[in-house]
Ligand SMILES: Cc1ncc(COP(=O)(O)O)c(C=O)c1O
C-alpha cells in the first residue's frame with residue numbers, strides 16, 4: 001500500500017487537469033518576455049496581491065533572495081526570526097549573494113512583535129551595520145505554521161517606515177495565512193515592499209514562486225534573476241500549472257487546516273508525544289517525541305514501517321504537513337500508524 005506522505009506540502013504531484021493545462025499552455029521565450037502564459041501568471045499574481053508587477057522564478061529561495069538584493073546593499077542588516085527560512089534554510093545565500101548580515105530574534109512561534117523589532121534596529125554608529133529590512137514569514141514554517149495578526153504586521157510596518165526600513169514578506173504559504181488569518185491577500189501584502197509567494201507549497205504546482213512588488217523593482221528583479229541563473233525560456237508550461245493552482249487549489253486550503261487540527265488533537269492524546277494542539281492554525285504540525293527516548297530519525301524510521309512518512313524537524317521534533325494529496329481516509333490511516341508507534345508508554 002502506498003505510504004501516507006506527510007513530509008511536506010511540496011510532495012504533491014500535478015493531477016490530470018493541471019497536466020492538461022500545462023500541455024496546452026501557449027508559450028514563448030520568457031527571457032525575451034514573450035511567454036504569454038508567464039505574463040498572465042505574473043499579471044494575475046500582482047492583481048491578487050494588489051501590487052503593480054510580479055516576476056515568475058523557479059523557487060521560493062530564489063524569490064526571497066531576489067527580494068533581499070532589491071532592498072539592500074552589501075553590509076546591510078536584515079531583522080528576522082531566529083528560524084526564518086530566509087536566514088536558516090537558504091544555505092547562507094543572503095550572506096553569499098547579497099553580502100548581508102542578519103539580526104535574528106526569538107519570535108513567538110516565529111512571529112516577531114513590534115517591540116522586538118524596535119529593539120533590534122541598530123543606532124547610527126560606525127561599528128554597526130545599517131539596518132535595512134524587516135523580513136517576516138507568514139505562515140511560519142518552523143513555528144507550527146503560525147499565522148500573524150494583521151494588526152501586528154501593520155504596527156511593525158509603521159515602525160519600519162519611521163526608521164527608513166523596508167518590509168519583506170516570505171509568503172511561501174501566504175494563501176494559507178489568509179485562509180486562517182481572516183484577511184485578504186491584498187490586505188496582507190499591503191504593508192510590504194516585496195512579497196514572495198510559492199505555487200509549489202500546498203497549491204499543487206510542480207515548480208515556481210513569484211516575486212511581487214512595484215514596477216520599478218520588478219524591472220530590477222528581472223536582471224537579478226538572470227544573474228542567479230533563473231531566466232527560463234518556454235516557462236509557460238510551468239506557469240500554466242501555477243495559474244491552475246491559483247484558480248483551483250486555493251479555496252480548499254481550509255480542508256488542510258481542518259485535517260491538521262484533527263491530526264494535532266490525535267497526536268496530543270498519544271502517550272509519547274508532546275504537542276499543544278492550540279498552536280496548530282494551518283497545515284503544519286510539529287510534534288515533540290522526546291518521551292520516546294529515541295531520536296527523531298529513529299522514530300521516523302519506525303513510522304516509515306507503519307506506512308507514514310514525516311521528517312525530523314529539530315533535536316526532538318518531527319514535522320507532518322497536510323496537503324492536496326491527503327484526504328480524510330489517508331489521515332485516518334496516518335493517525336492509526338502514528339498511534340501504533342507513539343500511543344503506548
Ligand atoms: C517559509 C518558506 N520560505 C521559503 C521556502 C523556499 O522554497 P523553495 O524550496 O522553493 O526554495 C520554503 C520551503 O519550504 C519555506 O517553507
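The values are calculated or read from the model by the stated rules, or taken from the named source; none is laboratory data. Quick caveat, the model's predicted, so the values are computed rather than measured. Neighbour counts run over all protein chains shown; Cβ positions are idealised from the backbone, glycine included.
Restricting 261, 336, 274 to those that are at pLDDT 95 or above, over 19 Å from residue 177 (Cβ atoms) and in contact with a helix residue (DSSP H, G or I) (Cβ under 8 Å, 6 or more places away or on another chain) reduces the list to 274. Of the helices (runs of 4 or more DSSP H) lying entirely inside the stretch 25-92, those containing at least 1 residues that are within 11 Å of the ligand (Cβ to nearest atom) span 60-71, 85-88.
Looking only at residues in the stretch 143-167 that are over 20 Å from the mean Cα position of the chain (by Cα) and in a loop (DSSP other than H, G, I, E, B), the one that is surrounded by the fewest Cβ atoms within 10 Å (Cβ to Cβ) is 164. Residue count for the stretch 110-142 satisfying the condition of being surrounded by fewer than 24 Cβ atoms within 10 Å (Cβ to Cβ), within 16 Å of the ligand (Cβ to nearest atom) and part of a loop (DSSP other than H, G, I, E, B): 1. Residue count for the stretch 173-201, restricted to those that are part of a loop (DSSP other than H, G, I, E, B), within 15 Å of the ligand (Cβ to nearest atom) and under 16 Å from residue 153 (Cβ atoms): 2. Taken over the stretch 93-109, the criterion of being in contact with a strand residue (DSSP E or B) (Cβ under 7 Å, 6 or more places away or on another chain) and either within 14 Å of the ligand (Cβ to nearest atom) or assigned to a loop (DSSP other than H, G, I, E, B) (or both) is satisfied by 94, 100, 107, 109. Looking only at residues that are closer than 20 Å to residue 153 by Cβ and surrounded by 21 or more Cβ atoms within 10 Å (Cβ to Cβ) in the stretch 202-216, which one is farthest from the ligand (Cβ to nearest atom)? Looking at residues that are closer than 20 Å to residue 153 by Cβ and surrounded by 21 or more Cβ atoms within 10 Å (Cβ to Cβ), I get 213. When you scan the stretch 15-27, do you find a residue that is surrounded by fewer than 19 Cβ atoms within 10 Å (Cβ to Cβ), touching a helix residue (DSSP H, G or I) at 6+ places or on another chain (Cβ under 7 Å), in contact (Cβ under 8 Å) with a residue 60 or more places away in the chain and farther than 22 Å from residue 248 by Cα, even just one? No, the stretch 15-27 has no match at all. Filtering 207, 211, 250 for residues that are touching a helix residue (DSSP H, G or I) at 6+ places or on another chain (Cβ under 9 Å) and in a strand (DSSP E or B) leaves a single hit, 211.
Whether a residue is touching a helix residue (DSSP H, G or I) at 6+ places or on another chain (Cβ under 6 Å) and at pLDDT 95 or above was assessed, and residue 182 does not pass this test.
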